[in-house]
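J.: Sharing a structure here in structure tokens format.
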Amino acid sequence: MANTAHVYKSKSGNWNVSFHHPICRERSIGKKIHRSLKVREEPQARSLEQQINQLLAIADETPSLLPTRSNAIAEQKYARVVIDAFSTA
């Protein structure tokens with residue numbers, strides 16, 4: 001089964017995301033990441049979930065193609081919260 005992100009609403013009303021980070025030293029699926037998306041509306045959370053799933057698909061095919069944090073920020077293709085979730089693992 002492919003590695004995908006899952007969004008869920010926290011008790012505080014914010015939306016969070018969880019996924020297995022694609023990069024692990026043992027060449028297996030990485031540790032489980034839980035991050036706040038810092039949004040309160042479901043459509044925004046679903047949009048961010050799609051961005052994370054795009055990055056997870058890239059990592060599944062060719063992990064070396066994952067954009068570096070600085071490249072991703074410069075390209076402005078992904079939301080900052082998405083980039084931070086991948087880079088702070």
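J.: Restricting the range 55-75 to residues that are in contact (Cβ under 8 Å) with a residue 40 or more places away in the chain and in a helix (DSSP H, G or I), which is farthest from SER18 (Cα to Cα)? So that I can check it myself, show each step before the final result.
T.: In the first step, residues of the range 55-75 are kept if they are in contact (Cβ under 8 Å) with a residue 40 or more places away in the chain; the result is 56-57, 59-60, 63, 66.
Now drop any that are not in a helix (DSSP H, G or I), which leaves 56-57, 59-60, 63.
Values: LEU56: 12, ALA57: 15, ALA59: 16, ASP60: 17, PRO63: 19 Å.
My answer is PRO63.
J.: Now, a different point. Pick out the one residue from THR68, THR4, THR62 that is over 14 Å from ALA85 (Cα atoms) and of a type outside the set (Gly, Ala, Ser).
T.: None of the other options fit; the residue is THR62.
J.: Collect the residues in the range 15-41 that are of a type outside the set (Lys, Arg), assigned to a loop (DSSP other than H, G, I, E, B) and either modelled with pLDDT under 95 or surrounded by 16 or more Cβ atoms within 10 Å (Cβ to Cβ) (or both), keeping them in residue-number order. It would help to see each step written out before you state the result.
T.: First pass over the range 15-41, keeping only residues of a type outside the set (Lys, Arg): 15-24, 26, 28-30, 33-34, 36-37, 39, 41.
Among the residues that remain, those that are also assigned to a loop (DSSP other than H, G, I, E, B) are: 21-24, 26, 28-30, 37, 39, 41.
Scanning the range 15-41 gives HIS21, PRO22, ILE23, CYS24, GLU26, SER28, ILE29, GLY30, LEU37, VAL39.
The values are calculated or read from the model by the stated rules, or taken from the named source; none is laboratory data. This one's a predicted model, so the numbers in the text were calculated from it and none came from an experiment. Using ideal geometry, Cβ is built from the backbone for each residue, glycine included, and neighbour counts are taken over all protein chains shown.
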